[in-house]
1. Which of the following residues is among the β-branched types (Val, Ile, Thr), open to solvent by 80 Å² or more (accessible area, probe 1.4 Å), out of contact with any Cys (no Cβ under 6 Å at 6 or more places or on another chain) and closer than 23 Å to Leu115 by Cα: Thr12, Thr86?
2. Since Ser91 meets every condition but one in (1) at pLDDT 95 or above; (2) part of a loop (DSSP other than H, G, I, E, B); (3) among the hydroxyl-bearing types (Ser, Thr, Tyr), which condition does it not meet?
3. Could you please give the count of residues in the range 97-120 that are surrounded by 15 or more Cβ atoms within 10 Å (Cβ to Cβ), more than 12 Å from the chain's Cα centre (by Cα) and under 27 Å from His150 (Cβ atoms)?
4. Please find, among Glu94, Glu67, the residue that is exposed (fewer than 13 other Cβ atoms within 10 Å of the Cβ), of a type in the set (Asp, Glu) and within 19 Å of Ala40 (Cβ to Cβ).
5. Answer yes or no as to whether Ala130 is at pLDDT below 95, more than 13 Å from the chain's Cα centre (by Cα) and of a type in the set (A, V, I, L, M, F, W, C).
6. Can you confirm whether the range 78-85 contains a residue that is at pLDDT 95 or above and more than 22 Å from Asp141 (Cα to Cα)?
7. Of the numbered conditions (1) in contact with an Asp or Glu (Cβ under 6 Å, 6 or more places away or on another chain); (2) among the hydrophobic types (A, V, I, L, M, F, W, C); (3) within 16 Å of Gln19 (Cβ to Cβ), Leu87 satisfies every one except a single condition; which is it?
8. Can you confirm whether the range 105-121 contains a residue that is out of contact with any Lys or Arg (no Cβ under 9 Å at 6 or more places or on another chain), in a strand (DSSP E or B) and of a type in the set (Asp, Glu)?
Amino acid sequence: MTGGTREGIDLTRVLDAPQQRVFAAWTSPEDFAAWYGGEADVPLDRVAMDVRPGGSWRLVIVLPGVEMPFRGTYREVSEPDGLVFTLKDGSAPEDAEGETVTVTFSDLGGGRTELAFQQRGGNLTPEQYAAAEDGWEAFFDALADRLATHP
């Protein structure tokens, strides 16, 4: 991005799953571990989720020779409509707030749900936001697969 400043990520997906099931995929450790990280391994014993306002979450993506920890705090939990939480990786200082992720799940009827995703914070360079967006796209592909195989 020449001459511009990127401030975050905005993505929208339509998923072939009911709204409540999509919400569960974001709040159940088994589901979250299955899709967060895309093709990478997220061992269930490396996932912790206290899904309530003020509760924390953490997980570790494991790749050959590398571990990538992520963590944050839930700010809003509105079942089945969505979540707001912070997100930071292992390189972020403990006292850093990190990025803010807002996901909204809208019932489209017929067992379909629109997922609207927004990540903000200004903590990443434009290149890092572009890489993170590619990562989320892969995660959402894995989420769609998870919902198809575990309705």
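The values are calculated or read from the model by the stated rules, or taken from the named source; none is laboratory data. Predicted, not measured: the structure shown is a model, and the values here were computed from it. All Cβ positions, glycine included, derive from the backbone under ideal geometry; neighbour counts span all protein chains shown. The area values use the complete protein model at the heavy-atom level, side chains included, leaving out ligands, DNA and RNA. Shrake-Rupley method; radii C 1.70, N 1.55, O 1.52, S 1.80 Å.
1. Thr12
2. Failed condition: (1).
3. The total comes to 6.
4. Matching residue, one of Glu94, Glu67: Glu67.
5. In short, yes.
6. Keep residues of the range 78-85 that are at pLDDT 95 or above, which gives 78-85.
Adding the requirement that they be more than 22 Å from Asp141 (Cα to Cα) leaves 78-79.
Yes, the range 78-85 contains at least one residue that is at pLDDT 95 or above and more than 22 Å from Asp141 (Cα to Cα).
7. Going through (1) in contact with an Asp or Glu (Cβ under 6 Å, 6 or more places away or on another chain); (2) among the hydrophobic types (A, V, I, L, M, F, W, C); (3) within 16 Å of Gln19 (Cβ to Cβ) one by one, Leu87 breaks only (3).
8. The answer is yes, given that some residue of the range 105-121 is out of contact with any Lys or Arg (no Cβ under 9 Å at 6 or more places or on another chain), in a strand (DSSP E or B) and of a type in the set (Asp, Glu).
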